[in-house]
Structures are given as C-alpha cells and as structure tokens.
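Just below is one structure, and these are the notes that go with it.
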Amino acid sequence: VFIPQCETHIGSNYFKIKRKDSLKIKVKEISEDKRSFIGTLKPFIAHPMQWFKDNYKEGMALSRLSIKSVNPKSVLYDITYNKGQKLLGLLPISEVTNLCYITSIEELFKNKASFPLIIKEIDMEQCVVKLSLKKLLENNKGRVDNLNFMNLYSAIVVGSDASKHTVLIIESVWIEGVLTEEYNGNVGDRITVRAVSTGEIPEFVIVKPYAE
C-alpha cells in the first residue's frame, strides 16, 4: 500500500506515526498499473476546521478581521477563533459589491478599509473560509429606510456602475449607494456624504473629504 504525502495531513494537522508502528489506513484507489493500493490517513486525522464548522455557520457575519495580504483579485484574512487558533479567510474580488465591476481590489483596500463579512462557505477540502461583502450589503438593504437626510455618513468609493455613477459603501450602516454628482477621486477614497434619496439604490451627495 502506498500513501502519498498529501494523504498524511489535513491543512497543518499531520498524522503522527513512528517507525514500526502499526496503523489503520483507508484504501482510496488502485494505482494506474493495478499493482498496488493507494491509501489515505485523512479519515484518522482531526480536521483543523472542525471546531469552527461546529460553532460558525454559513450566513453568519464576522467583523474586525485581520488582513493577511491583498492581491489584485482577492483579500486574504486571518480569522482568529477558539482561544487564538487561526484560519485563512478569502474574499474574492467578485464578492465585494452588487453594483459595479471592480478592476483591482488592491485600490479598494489601499487605506486599510475594514468591512464586516458574511461567511459564504466553509470549505473543509481547501481549509479556507470563503467570505462575501456583497452578500452582507444585500442583506442590509432594509437599512436604507433608516437613513437620515440630516446626518453625515462616511463612505468608501468602490468604483463606477454602467451609468458612470460613483458607487459607495456607506460605513457603519453597511449599505451600497451612488453619488448624484461627478467624482474625480480614486477607488478606495473615503469621503463624507449626505443621503438625498432612499430608493432601491440610495443616492448621496458629497459634503467634504473625510478627515481622520
């Protein structure tokens, strides 16, 4: 029986064995030359994501996540849970907004923007938690009715929609909206806005650049 190295661990959890130890294995398949069995030890290894899967469910929101790295197509997060254990979280560029196409997620996160994110999938095979901002924004559509036209809101510029409107994510409220006026700034800019419409897609006007 041959056991490939990839069948001796799940993520960072390895099957521990010493020379001359006897062990149980599961036969996974027969080799192409039909001369040997291919075995796996994975059924006997504790899955590093099992505690997380038992205590967190798809659709739940996570906040205050630590960014591990950003590349043009995704953001990787460290998800800390259960007394300091860490998992990898993945936010792909396709899961950022419902209103526009984003050319580079790096620009959006250039000022270290922090968003709550929905657990879209707990991928036990790849040992990664797939995340979605788009789903959270969709879930929060009902919050549009609570916008106050007299209040000022901090917003992050996401991009432009098909009608050339500047698309925003409104912080704290965590909804999407658009500017009614032309904006010549950049993706990732933080600006201060005021609501002027609470329709299906709420509209805002710029009050001033955001001051830290």
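The values are calculated or read from the model by the stated rules, or taken from the named source; none is laboratory data. Predicted, not measured: the structure shown is a model, and the values here were computed from it. Please note: Cβ atoms are built from the backbone with ideal geometry, for glycine as well, and neighbour counts cover all protein chains shown. SASA here: full protein model, heavy atoms, side chains in, ligands and nucleic acids out. Shrake-Rupley method; radii C 1.70, N 1.55, O 1.52, S 1.80 Å.
Of a type in the set (S, T, N, Q), assigned to a loop (DSSP other than H, G, I, E, B), modelled with pLDDT under 95 and open to solvent by less than 40 Å² (accessible area, probe 1.4 Å) - does that describe any residue in the stretch 148-163? No, the stretch 148-163 has no match at all.
If the condition is being out of contact with any helix residue (DSSP H, G or I) (no Cβ under 6 Å at 6 or more places or on another chain) and crowded, with 20+ Cβ neighbours inside 10 Å, then the stretch 101-114 contributes only L108.
Across the stretch 82-106, the qualifying residues are those that are in contact (Cβ under 8 Å) with a residue 12 or more places away in the chain and over 16 Å from the mean Cα position of the chain (by Cα), and the one among them that is nearest to V187 (Cα to Cα) is T103.
Looking across L87, L76, one residue alone is open to solvent by less than 50 Å² (accessible area, probe 1.4 Å), modelled with pLDDT of 95 or more and not hydroxyl-bearing (S, T, Y). It is L76.
A single entry from I122, I118 fulfils the requirement of being in contact with a Leu (Cβ under 6 Å, 6 or more places away or on another chain) and under 20 Å from L91 (Cα atoms): I118.
Can you confirm whether the stretch 136-144 contains a residue that is without any contact (Cβ under 8 Å) to a residue 40 or more places away in the chain, in contact with a Pro (Cβ under 7 Å, 6 or more places away or on another chain) and under 24 Å from V173 (Cβ atoms)? No, because not a single residue in the stretch 136-144 is without any contact (Cβ under 8 Å) to a residue 40 or more places away in the chain, in contact with a Pro (Cβ under 7 Å, 6 or more places away or on another chain) and under 24 Å from V173 (Cβ atoms).
Quick one: would you say N148 is polar (S, T, N, Q) and over 20 Å from P72 (Cα atoms)? Considered against the rule, which asks whether it is polar (S, T, N, Q) and over 20 Å from P72 (Cα atoms), N148 comes out as yes. For F52, indicate whether it is over 29 Å from the mean Cα position of the chain (by Cα) and either modelled with pLDDT of 90 or more or over 24 Å from K135 (Cβ atoms) (or both). No: the conditions fail for F52.
Being in a helix (DSSP H, G or I) and open to solvent by 70 Å² or more (accessible area, probe 1.4 Å) is the filter; apply it to the stretch 12-49 and report the residue that is modelled with the lowest pLDDT.
So, considering only residues that are in a helix (DSSP H, G or I) and open to solvent by 70 Å² or more (accessible area, probe 1.4 Å), the one modelled with the lowest pLDDT is F44.
Scanning the stretch 173-212 for residues that are assigned to a loop (DSSP other than H, G, I, E, B), acidic (D, E) and within 22 Å of K134 (Cα to Cα) returns D189, E200. Filtered by the rule that a residue be free of Cβ contacts under 8 Å to residues at least 60 places away in the same chain, surrounded by fewer than 16 Cβ atoms within 10 Å (Cβ to Cβ) and within 15 Å of A113 (Cβ to Cβ), the stretch 164-191 gives S172, G185.
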